1. If each residue's Cβ is checked for other Cβ atoms within 10 Å, how do Thr74, Thr66, Thr26 rank with the fewest at the top?
2. When the Karplus curve 6.51 cos²θ - 1.76 cosθ + 1.60 is applied with θ = phi - 60°, which whole-Hz ³J(HN,Hα) does each residue of the stretch 60-73 get, with x for Gly and Pro?
3. For Val27 and Asp85, calculate 0.36 nm times their separation in residues minus their Cα-Cα distance, and state this gained length in nm to one decimal.
4. Please turn the phi angles of the stretch 42-56 into ³J(HN,Hα) values with the Karplus equation 6.51 cos²θ - 1.76 cosθ + 1.60 (θ = phi - 60°), one per residue in order, whole Hz, x for glycine and proline.
5. On a 0 to 90 degree scale, rounded to 10, what angle separates helix 77-86 from the longest Cα axis of the chain?
6. Could you go through the stretch 32-37 in sequence order and give the Karplus-derived ³J(HN,Hα) for each residue, using 6.51 cos²θ - 1.76 cosθ + 1.60 with θ = phi - 60°, rounded to whole Hz, and x for Gly and Pro?
7. According to the square roots a ≥ b ≥ c of the eigenvalues of the Cα gyration tensor, what is the shape class of the stretch 2-83, taking rounded for a/c under 1.5, prolate for a/b larger than b/c otherwise, and oblate for the remainder?
8. Across the chain, where is the longest run that never hits trypsin sites (Lys or Arg not before Pro) in a DSSP loop with at most 12 other C-beta atoms within 10 Å?
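Where a number appears in this text, it was derived from the coordinates with a stated rule and is not lab data. Model, not experiment: these values are computed from the prediction. Here the Cβ positions follow ideal geometry from the backbone for every residue, glycine too, while neighbour counts run over all protein chains shown.
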Amino acid sequence: MDDRSAALIHDLGRRLFQARVAARLTVREVAQAIGIDHSMIVRYENAQSIPPLNRLIALADLYRNTPAALLASTDAAAPLIAAIDQADARTLALLAQAMSAAHDG
């Protein structure tokens with residue numbers, strides 16, 4: 001595994017832990033909610049295992065986050081990615097206009 005992949009897996013585990021704590025859920029509560037053994041949640045959070053996509057989606061939903069935000073390449077980008085992923089079409093159009101104006105200006 002290359003360094004970038006290892007760093008992403010580590011960051012994913014840390015973000016999963018932080019999101020669970022922010023949601024005030026225990027490992028056992030999360031495991032029960034998504035239908036897996038609690039030891040897998042610990043393995044995901046400790047970057048010992050990578051959740052398959054369906055579980056990453058379930059975890060993101062449970063934590064009121066998005067899979068893309070959990071997989072962000074930087075901590076600073078994670079909340080922005082989550083906001084964009086959860087935005088409505090009008091908000092996205094306004095953001096696109098603002099970005100275009102900033103790029104052109």
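1. The order, fewest Cβ neighbours first, is Thr74, Thr26, Thr66.
2. 3J(HN,Hα) across the stretch 60-73, in whole Hz: 4, 4, 4, 8, 6, 9, 10, x, 4, 5, 5, 9, 3, 7.
3. In short, 18.3 nm is gained.
4. Karplus-based 3J(HN,Hα) across the stretch 42-56 equals 4, 5, 5, 5, 8, 6, 8, 8, 10, x, x, 3, 5, 6, 4 Hz.
5. Result, in degrees: 80.
6. 5, 5, 9, x, 10, 6
7. The shape class here is oblate.
8. 65-105
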